[in-house]
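Worksheet: the structure to be examined is printed underneath.
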Amino acid sequence: MSEERASLNFLEHIIEEDLQTGYEKAQLRFRFPPEPNGYLHIGHASSICLNFGLGLKYGAPVNLRFDDTNPAKEEQEFVDAIKRDVEWLGFSWDTERYASDYFDQLYDWAVLLIKGGKAYIDSQSSEEMADQKGTPTEAGTESPFRNRSVDENLKLFEEMKAGKFEEGTHVLRAKIDMTSSNMLMRDPIMYRILHKAHHRTNTDWCIYPMYDWTHGESDYIEQVSHSFCTLEFAMHRELYNWFLDQVYEENRMRPKQREFARRNLSHTVVSKRKLAKLVESGVVSSWDDPRMPTISGLRRRGYTPESIRNFADTIGIAKRENLIDVSLLEFHVRDHLNKIAPRVMGVLNPLKVVLTNYPEGEEEWLEAENNPGDENAGSRKVPFSRELYIEKEDFKEEANRKFFRLKLGGEVRLKNGYIIRAESCTKDTNGNIIEVQCTYDPKSKSGSGSEESLRKVKGTLHWVSIAHALKAEVRLYDRLFTDESPDTHKDKDFMDFVNPESLEVITGYLEPSLKDAQIEDRVQFQRLGYFCVDPDSTAEKIVFNKTVGLRDTWAKITQKD
RNA sequence: UGGCCUAUGGUGUAAUUGGCAACACAGCUGGUUUUGGUCCAGUCGUUCUAGGUUCGAGUCCUAGUAGGCCAACCA
């Protein structure tokens, strides 16, 4: 009813304009075209959300197309990982395609170009060709093979295909313009010889088409209406169109390439080469290490697909350089987890508390809300007894009134339990506090409705009963890089900015309800943050990853002082 | 001594296409709260520069400045 006109990004404006000038809505079709040479990362996630989001918005099909034209780098393993990641993000593709599906068609079209005098076989080395290419400010020079006869070109191309030549001896080039101000138009290579097995076509081919020759033609074959790619391909558009011109037939959909700025996330890197280096050098354990910006890493870290989609939606899409602060991504995962993650109690840095007036050997099970923001989340029981753990940070012998926690002579409420008062504490020989002796008010039990239970005390602490606590490995993560843009420094390598303290492994003491937690379960450790169960967990030892901390205004206050 | 692209708060994106510069995050203030969480209210602050067109310019024009991209048998 009160429908607000949603603001459109510039790509949606282009689509809307096309819709008004002749395109039918039913003709709209998009694609997400990864090369299966590595794992998808947060940058791909933005592109996936863009293309599939457009598909959802316009009711248009979106193909998942693997750009698999380089058998030297591509593997089935990556195809499988990519499909799993796209599905995990919550999208479904119309059809699964491969550029390699089109090798025959591409070959036939290439023959057509040769026959039309638009392509030729060059038999120089790549160095010689590079020399003739010119520079951005100087025109190139023509290859001595540029004017080979059509028949000779045809014969050589056939022999290339038949495997008669070594790698590097011949290539097929488009005959365009060696003086173009666009370097890509200076007779670009269409095919090269590669005696390598392809993960799908095996050894059927020993010539493989290059990206530029493949991409637009694949869009055309699939009748993609809008082909969106990142800005570094802007210069390729002219070539994309030139190749399309060679095969385009009237009345068919002519795909349109448009470019958007890749979205950069602060405090990380996303190039496959750099991510691979992090894995190889042992900085992280694997491609799905929870510190990695890969989709599989984010998943293992505890991110939800919703949070990633919301992130992609709010950062939008444009053409200017950007650096998006990772805190925005963290905001979205908190925002979603706050709604869905059950609250539990766990102590990560334990300090023993003894309730001196609580009977020894006694225990009781207290009612605890699973999520105060969600009535339907229900409740659970947590055990309470004479000896408890609280966080070390939650006790001080003396503190000013800004410290809403436990201090000698002060009171505090134990979440879901009783109000306690710190009476004394004991220290080890080094002066470290190792135990706090407290008394509790038996009438102050949470939810009992008694006058005492309604008393307001400043400060509520989480806790866990020592006798009942579940020991768990807890992995705490910090940013992988200390610099917000580690790979943009001219004089420094991105590896120089690796944060040596990005991982801390500790033992946590958790409430026993967590005993049956399953891998990928997500919970909030109250007052600490969101955590999820890592796949490394076993029946004997449960492992939690910290996804993200809660917003911490106390930390800001202490920092200021 | 080239070509292409870009320029809006600390960050990211909008602006009904020439008509009151908005939204989210971050920051700051306060309120609620048995999580120093959540939630609520308020606040902060911007159209790269110089000209021009116009009743009116973030938007159009001219010049400049700054940044990014382009010379792989990679994608």
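Every number here is computed from the coordinates shown, using simple stated rules; none is lab data. Note that this is a predicted model, so its numbers are computed, not measured. As a convention, Cβ positions derive from the backbone with ideal geometry for all residues, glycine included, and neighbour counts pool all protein chains shown.
A few points about this structure:
- Under the Karplus curve 6.51 cos²θ - 1.76 cosθ + 1.60, θ = phi - 60°, whole-Hz ³J(HN,Hα) for the stretch A:208-223, x wherever Gly or Pro sits: 10, x, 7, 3, 4, 5, 8, 5, x, 5, 5, 4, 5, 4, 7, 6
- The Cα center of the stretch A:51-78 and the Cα center of the stretch A:374-446 differ in position by 54 Å.
- Alpha-carbon Debye profile of chain A, log10 I(q)/I(0) at 0.05, 0.09, 0.11 Å⁻¹: -0.32, -0.81, -1.05
- Number of Lys-Lys pairs in the stretch A:408-486 with C-alpha atoms under 30 Å apart and a separation of 8 or more places or on different chains: 15.
- Full extension of the chain segment joining A:E152 with A:D325 gains 56.6 nm, where the gain is 0.36 nm per residue of separation less the Cα-Cα distance.
- Put simply, the Cα atoms of the stretch A:221-351 extend 76, 37, 27 Å along their principal axes, the longest span coming first.
- Most simply put, the stretch A:342-491 has about 75% antiparallel DSSP beta bridges, counting only bridges with both residues inside it.
- As a proxy for reagent exposure, A:H332, A:H267 were ordered by neighbouring Cβ count within 10 angstrom, fewest first; the result is A:H267, A:H332.
- Karplus (6.51, -1.76, 1.60) ³J(HN,Hα), θ = phi - 60°, over the stretch A:302-311, in Hz, Gly and Pro reported as x: x, 5, 9, x, 4, 5, 6, 5, 5, 4
- Dimensions of the stretch A:78-152 from C-alpha coordinates, computed as largest minus smallest value along each principal axis and given longest first, are 52, 33, 20 Å.
- Reducing the stretch A:522-539 and the stretch A:82-100 to their Cα centroids gives an inter-centroid distance of 29 Å.
- Normalising the Debye intensity of the stretch A:293-342 to I(0), with uniform scatterers on Cα atoms only, and taking log10 at q = 0.20 Å⁻¹ returns -0.71.
- For A:G529, the residues whose amide H sits under 5 Å from its own are A:L550, ignoring neighbours fewer than 5 places away on the same chain, with H placed 1.01 Å from N.
- Per residue, chain A reaches -8000 deg cm²/dmol at 222 nm when only DSSP H runs of four or more residues are counted, each adding -39500 (n - 2.57).
- For the stretch A:275-284, 3J(HN,Hα) computed residue by residue from phi via the Karplus equation (6.51, -1.76, 1.60; θ = phi - 60°) reads 5, 4, 5, 4, 6, 4, 7, x, 4, 10 Hz, glycine and proline entered as x.
- Semi-axis lengths, largest first, of the ellipsoid equivalent to the stretch A:439-561 are 37, 23, 11 Å, with √(5λ) applied to each eigenvalue of the Cα gyration tensor.
- Ratio of Rg to Rh for the stretch A:394-500: 1.22 [Cα atoms; Kirkwood radius as inverse mean 1/r over pairs].
- Cα-based radius of gyration of the stretch A:353-422 once divided by 2.2 N^0.38 Å, which approximates compact folds: 1.29
- Remark: for residue pairs A:K25/A:K73; A:K256/A:K319; A:K25/A:K175; A:K118/A:K256; A:K83/A:K196; A:K392/A:K560, the C-alpha separation exceeds 27 Å in A:K25/A:K73; A:K25/A:K175.
- Rg in Å to one decimal, and Dmax rounded to a whole Å, for the stretch A:284-435 via C-alpha atoms: 21.4, 68
- Scanning residues 5 or more positions from A:C425 or on other chains, those with amide H under 5 Å from its amide H are A:Q437, with H placed 1.01 Å from N in the peptide plane.
- Taking a ≥ b ≥ c as the square roots of the eigenvalues of the Cα gyration tensor, the stretch A:131-238 is oblate, since a/c reaches 1.5 or more and a/b is not larger than b/c.
- The stretch A:430-470 - Debye-derived log10 I(q)/I(0), Cα point model, q = 0.14 Å⁻¹: -0.51
- Antiparallel beta bridges, as assigned by DSSP with both residues in chain A, represent about 70 percent of the total such bridges.
- Length gained on full extension, A:L19 to A:T141, computed as 0.36 nm times the residue gap minus the Cα-Cα distance: 39.6 nm.
- Ascending count of other beta-carbon atoms within 10 Å, so fewest first, for A:V150, A:V412: A:V150, A:V412
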